[in-house]
Amino acid sequence: MQEGFGGKVVMSIDQSVEKTSYEKLKDLVLEGHILPGQRITEIFLAEQLNKSRIPVREAVQQLIHEGFIERTGKNGYQIKEYNEQDIIDLYNYREALDGMLARLFTQRMDVSQLYYLEMNLEAMKENLNNFDQATFSKIDLEFHRIIARGARNPHMKQQHDLILEKVLYIADRIYLVNEEKQANLIDRSSFEDTFNQHSMIYKAIQEKDPDAAEQAARKSVQNGLRKALLVMSRQF
């Protein structure tokens, strides 16, 4: 960082390059172009990203910090493979975080945010009538993001954003095995359960009951964990 005109902090050219490397590397990981357990080196990544090793090294360190990459040996890395205990730990953390965000949202929300939440539920209900899983998943994620924004705690929102990225990453690995197998692992009632759980969270928030909102949010995450573990048990 450098101090610019008026004392404002500006980003140097080198730092902007590092951020681009970080974003590109994270995309490669999240989109599955580099597979879990695959061993990688800075040289390999620099070639893939068409960047020098210095910004690539910084990008790798950031993704190690976020839990997407881990060290292997002296000079190597690999994409982290999440086992069953990792998933349990992640969902336990998300349960506590989602519960507190729902509580804070109930206490701090304004009318417009409650309206957005209501419109989200309407969109989810409409999607169930004309079901499309990809669209449903986007609506589901936005429901939780509305609550995270409305809780007005930027530190918790930052952690929530990272947790959602990890949950999505894991879901891609354990749910989307292939279309034929996926149909046997997930049925429509699972998505109806999600809608019902979101409705319970909304009802508690609408009634300005932070205790009930927190418990409903926690229950929703607990249900997500049960589904994830069930899918894993059927796959392996």
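Readers should treat all values here as calculations from the given coordinates under stated rules, not as data from a laboratory. This structure is a prediction, so every number in the text was calculated from the model and none was measured. Backbone-built Cβ (ideal geometry, glycine too); neighbour counts: all protein chains shown.
Numbers below:
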{"read-out": "Unit charges at the beta carbon, dipole of the chain: most positive-side option, LEU90, PHE44, SER137", "value": "PHE44"}
{"read-out": "Only Lys, Arg (+1) and Asp, Glu (-1) charged, at Cβ; the stretch 84-235 dipole about Cα centre in debye", "value": "300"}
{"read-out": "Selection from ILE163, GLY73, GLN206, by position along the positive dipole direction of the chain (Cβ)", "value": "GLY73"}
{"read-out": "Full-stretch length increase - LEU229, ASN130 - with 0.36 nm per residue and alpha-carbon distance subtracted", "value": "32.9 nm"}
{"read-out": "Residues of the stretch 74-102 with amide N under 20 Å of a point placed 7 Å along Cα→Cβ from GLU207", "value": "99-102"}
{"read-out": "Helix-only [θ]222 nm of the chain, DSSP H runs n ≥ 4, -39500 (n - 2.57) each, per residue, nearest 500", "value": "-25000 deg cm²/dmol"}
{"read-out": "Length-normalised contact order of the chain in % [C-alpha pairs under 8 Å, at least 6 apart]", "value": "21"}
